[in-house]
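All remarks here apply to the structure that follows.
The values are calculated or read from the model by the stated rules, or taken from the named source; none is laboratory data. Being a predicted model, the structure only gives us computed values, none of them experimental. Cβ placement follows ideal geometry from the backbone for every residue including glycine, while neighbour counts extend to all protein chains displayed. Ligands, DNA and RNA are excluded from the accessible area calculation, which covers all protein heavy atoms including side chains. Shrake-Rupley method; radii C 1.70, N 1.55, O 1.52, S 1.80 Å.
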Amino acid sequence: MFQNQFSKGVIFTCIASIFWGLPQPLFFNELNHVNTIEVVMHRGLWSFVFLFLILLVFSNIKEFFKIFKSYKKVLVLSITAGLIASNWGGFIYAVAQERVQDASMGYFITPMISIVLGYIFLNEKISILKLYSVILMMLAIIFLFLNFRGIPYLVISIGTTWAIYGLLRKKINVSPSIGLLYETFIISLISIPYLIYLYQINLSSFLNFDIRTIVFLVLTGIVTIFPLFFFNLGLKYIQLGLAGTLFYLAPSFHFLTSVFILEEDIHFSKLISFLIIWVAIILYIYDTMRKQTI
């Protein structure tokens, strides 16, 4: 079906990125009547259930139990569990509040935040073009701050939690699927008592709404695992830098979805900020691709 391994990698990574960008915001928009924290708790719980069953059948689940033998892995992955839950919460809240554009901008600026974190914590060098990208990102955030007379907390929260998550995951030797299994396990330890409590006080959306809501809450697990599977599959055939560049399809589709499907208003100041960030992205992609061809 595919001519070569490289084509497989590109196609699989694009499937994941487009799924993150288009179906996901539309999917979570169907749950905008459910409290954001409850959706996050269900997402963590059902992701753990489905991922555990999949890895139990198709992979070596022993790697998951080996994590508990390393205090460093337990500590770091427990922190990343909190970060990914916060990131999910920010995205789901953005969809519910008709602010998908803010989520899009948050994911757009993530690589630039990662550059700064890599420079500070990993002693990674910053090229001139990447430095320009970071400066442009900061200008876009400052422009938003001046025009909306407030700090764009949602944009910064989504961008920083995802960037710090990537930084910490890079520092430990755990496969993405096993790492996510542990993270969702930690979230589930909080989810189960929280969801039971909601049921006891008659505030649970899982049983108090229609069957459609129940099905969508359960499917949050599949929606989480599906793109991750294809993204990791794509990484087997292409370089991480290229995969990261293709990931820009996700926030691009977030933006398009927010404007043309969810019909969110786009303020002129936000459009200017997006244009500044897109210039930064072009510089970032050009620099990344240039180094891969050298």
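With the checklist (1) in contact (Cβ under 8 Å) with a residue 24 or more places away in the chain; (2) surrounded by fewer than 16 Cβ atoms within 10 Å (Cβ to Cβ); (3) under 30 Å from Phe65 (Cα atoms) in hand, flag the one item Ile178 doesn't pass.
Evaluating Ile178 over (1) in contact (Cβ under 8 Å) with a residue 24 or more places away in the chain; (2) surrounded by fewer than 16 Cβ atoms within 10 Å (Cβ to Cβ); (3) under 30 Å from Phe65 (Cα atoms) leaves (2) as the failure.
I'm trying to understand the selection: among the residues of the stretch 136-156, which are open to solvent by 60 Å² or more (accessible area, probe 1.4 Å) and free of Cβ contacts under 8 Å to residues at least 12 places away in the same chain?
Met138, Ile142, Phe145, Leu146, Arg149, Ile151, Tyr153
Somewhere in the stretch 67-78, is a residue assigned to a helix (DSSP H, G or I), open to solvent by 60 Å² or more (accessible area, probe 1.4 Å) and either in contact with a strand residue (DSSP E or B) (Cβ under 7 Å, 6 or more places away or on another chain) or closer than 29 Å to Ser252 by Cα (or both)?
Checked against the condition, which is being assigned to a helix (DSSP H, G or I), open to solvent by 60 Å² or more (accessible area, probe 1.4 Å) and either in contact with a strand residue (DSSP E or B) (Cβ under 7 Å, 6 or more places away or on another chain) or closer than 29 Å to Ser252 by Cα (or both), the stretch 67-78 yields no hits at all.
Which condition breaks for Ala140 when tested against (1) touching a Ser or Thr at 6+ places or on another chain (Cβ under 8 Å); (2) closer than 30 Å to Phe52 by Cα; (3) of a type in the set (A, V, I, L, M, F, W, C)?
Tallying (1) touching a Ser or Thr at 6+ places or on another chain (Cβ under 8 Å); (2) closer than 30 Å to Phe52 by Cα; (3) of a type in the set (A, V, I, L, M, F, W, C), Ala140 fails exactly one: (2).
Which one is farthest from Asn147 (Cα to Cα) among residues in the stretch 233-258 that are of a type outside the set (Ser, Thr, Tyr) and open to solvent by 40 Å² or more (accessible area, probe 1.4 Å)?
This residue is Lys236.
Tally time: how many residues in the stretch 194-211 are over 25 Å from the mean Cα position of the chain (by Cα) and assigned to a helix (DSSP H, G or I)?
8
Within the stretch 8-57, count every residue that is buried (at least 23 other Cβ atoms within 10 Å of the Cβ), at pLDDT below 95 and among the small types (Gly, Ala, Ser).
3
Testing Glu98 on (1) of a type in the set (Asp, Glu); (2) surrounded by 16 or more Cβ atoms within 10 Å (Cβ to Cβ); (3) within 30 Å of Trp278 (Cα to Cα), one condition comes back false. Which one is that?
For Glu98, the exception is condition (2).
Determine which member of the set Ser133, Ser127, Ser104 is closer than 29 Å to Ser273 by Cα, more than 18 Å from the chain's Cα centre (by Cα) and buried (at least 23 other Cβ atoms within 10 Å of the Cβ).
Ser133
All but one of (1) touching a residue at least 24 places away in the same chain (Cβ under 8 Å); (2) open to solvent by 50 Å² or more (accessible area, probe 1.4 Å); (3) under 30 Å from Glu63 (Cβ atoms); (4) aliphatic (A, V, I, L, M) hold for Leu189; which doesn't?
Looking at each condition in turn, Leu189 falls short on (1).
Find the residue count for the stretch 192-232, including only residues that are small (Gly, Ala, Ser) and either closer than 24 Å to Ala16 by Cα or open to solvent by 70 Å² or more (accessible area, probe 1.4 Å) (or both).
1
Residue under question is Thr224, and the condition is that it be at pLDDT 90 or above, of a type in the set (Ser, Thr, Tyr), part of a helix (DSSP H, G or I) and more than 25 Å from Phe52 (Cα to Cα); does it hold?
In short, no.
Enumerate the pairs (first residue in the stretch 206-217 and free of Cβ contacts under 8 Å to residues at least 24 places away in the same chain; second residue anywhere and crowded, with 16+ Cβ neighbours inside 10 Å) with beta-carbon separation below 8 Å, excluding pairs fewer than 6 apart on the same chain, so at least 6 apart or on different chains.
Qualifying pairs under 8 Å: Ile214/Phe206.
What's the total number of residues in the stretch 234-254 that are more than 15 Å from the chain's Cα centre (by Cα) and in contact (Cβ under 8 Å) with a residue 12 or more places away in the chain?
8
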